[in-house]
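Input: a single structure, listed below in structure tokens.
The values are calculated or read from the model by the stated rules, or taken from the named source; none is laboratory data. The structure displayed is predicted, hence computed values, not measured ones. Backbone-built Cβ (ideal geometry, glycine too); neighbour counts: all protein chains shown. Please note that ligands, DNA and RNA were not included when accessible areas were found on the heavy atoms of the full protein model with its side chains. Shrake-Rupley method; radii C 1.70, N 1.55, O 1.52, S 1.80 Å.
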Amino acid sequence: MARLVDFTKHPSKTLKVGNGFALADTDPDATPGFSGMKADGKALLADLDGKLAEYQEKLFAESRFGGTKRLLLILQGMDTAGKGGIVNHVMAPMDPQGVQFKAFKAPTPEEKSYDFLWRIEKEVPAAGMVGIFDRSQYEDVLIHRVHGWTPPEELKRRYVAINEFEARLTDSGTKIVKVMLYISRDEQKERLLARLDNPAKHWKYSRGDLDERAFWADYMAAYQVAIDETNTEVAPWHVVPANKKWFARIAVQQLVLGAFADLHLEWPKADFDVAVEREIVERS
């Protein structure tokens with residue numbers, strides 16, 4: 001059996017946003033810390049599926065005995081950046097009973113009548129659960145900044161509100177993994193064309209994607225500001241080069257595994273005499 005190619009440096013180090021971070025300096029084609037090719041990446045992804053599932057089961061089991069820990073993966077990125085692929089290929093090994101998934105679309109009239117965080121807070125994962133946000137509270141500072149739907153003073157308030165919200169989640173036992181899947185404009189074009197060339201993907205295509213594509217530079221500037229304003233110690237950003245889908249998937253898998261490890265999960269100890277119960281079962 002061929003030896004698996006692993007990361008030489010963990011993505012939590014290479015992809016974590018630090019001081020002086022500039023999105024424009026990030027190469028969306030890069031594979032930081034990983035020297036393997038696509039086949040190596042796919043092999044690594046599959047090899048760690050079991051470990052991911054075990055961590056999730058431990059998290060769920062702890063909550064059945066009073067544990068309050070939970071994990072929240074926030075996925076942001078331009079259209080076609082690969083958010084759905086992360087959910088399908090990285091998180092799929094998990095038991096769906098322990099996963100809360102939410103894809104945030106344009107807010108409804110009712111949601112607009114409340115503060116922007118109202119609809120987000122309702123979807124926060126319960127104790128013992130893994131939450132996945134496909135888009136999130138960040139849409140309310142990204143698209144609003146790009147199109148000028150919200151005045152600057154309100155955007156500033158929202159950045160502060162997001163930081164306070166994420167701090168509250170952390171204080172309540174939530175481990176937050178924030179990921180921006182970073183693709184190039186040319187790569188997005190290729191993915192949109194691929195959707196048009198494949199009848200099985202036509203349902204994924206939307207002319208609206210092209211409308212937002214016209215504001216690419218504005219979105220990159222909005223992402224830079226959002227990252228600058230909300231990159232905190234308790235909820236840091238990770239910018240994942242995503243032109244190579246296989247790399248983005250193994251990078252996010254590593255980030256989630258690292259987050260699980262940080263929770264220091266343990267199997268709950270039996271609150272009964274195992275030997276006695278075994279004897280009863282054997283006699284039954």
* D6 to D25: extension gain in nm, 0.36 nm per residue of separation minus the Cα-Cα distance? -> 4.3 nm
* Which whole-number percentage describes the relative contact order of the chain, with Cα contacts under 8 Å and a sequence gap of 6 or more? -> 31 percent
* **Structure-derived Rg and Dmax of the Cα atoms in Å - corresponding label in (1) 23.6, 79; (2) 20.5, 72; (3) 20.4, 61** => (2)
* Asked: Between K69, K13, K178, which gets the highest mean-square fluctuation from a Gaussian network model of the chain, Cα cutoff 10 Å?
  -> K13
* For the chain, what % of the accessible area comes from carbon and sulfur atoms, probe 1.4 Å? -> 52 percent
* **Potential extension, R278-K189 segment - 0.36 nm per residue separation minus Cα distance** => 25.9 nm
* To do: Give the percent of DSSP beta bridges with both residues in the chain that are antiparallel, rounded to the nearest 5.
  => 5 percent
* Please work out, to two decimal places, the log10 of the ratio I(q)/I(0) at q = 0.17, 0.23, 0.26 Å⁻¹ from a Debye calculation in which every Cα of segment 195-284 carries one identical scatterer. => -1.05, -1.20, -1.24
* To do: With the Cα gyration tensor of segment 55-212 in hand, convert its eigenvalues to equivalent ellipsoid semi-axes via √(5λ) and list them largest first in whole Å.
  => 28, 23, 13
* Structure fact -> In nm, the gap between the two label points placed 7 Å beyond Cα toward Cβ at N163 and M220 is 2.6 nm
* For D95 and S206 in one chain, what is 0.36 nm times their gap in residues minus the Cα-Cα distance, to one decimal in nm? -> 36.8 nm
* Asked: FRET efficiency for A53 and H264, Cβ-Cβ distance as r, R0 = 25 Å, nearest 0.05?
  -> 0.85
* For the chain, list the DSSP H helices whose alpha carbon atoms reach 15 Å or more along the long axis and whose average Kyte-Doolittle value is -1.0 or above? -> 49-63, 152-171, 216-230, 245-262
* To do: Would you calculate a helix-derived [θ] at 222 nm for the chain, using -39,500 (n - 2.57) for each DSSP H run of n ≥ 4 and dividing by the full residue count, to the nearest 500?
  => -14500 deg cm²/dmol
* Compactness index (Cα Rg / 2.2 N^0.38 Å), segment 1-124 -> 1.32
* Which residue, chosen from L257, L210, L193, occupies the Cα position most advanced towards the positive end of the dipole of the chain, where the dipole is computed from +1 (Lys, Arg) and -1 (Asp, Glu) charges on Cβ about the Cα centre? -> L193
* To do: Could you size up the charge dipole of the chain around its Cα centre, putting +1 on the beta carbon of Lys and Arg and -1 on that of Asp and Glu, and report it in debye to the nearest 20?
  => 580 debye
* To do: Would you mind working out the accessible area per residue for the chain, using a 1.4 Å probe, and quoting it in Å²?
  => 52 Å²
* Loop-resident sites, segment 183-284, for chymotrypsin sites (Phe, Trp or Tyr not before Pro), counting at most 13 other Cβ within 10 Å (DSSP) -> F272
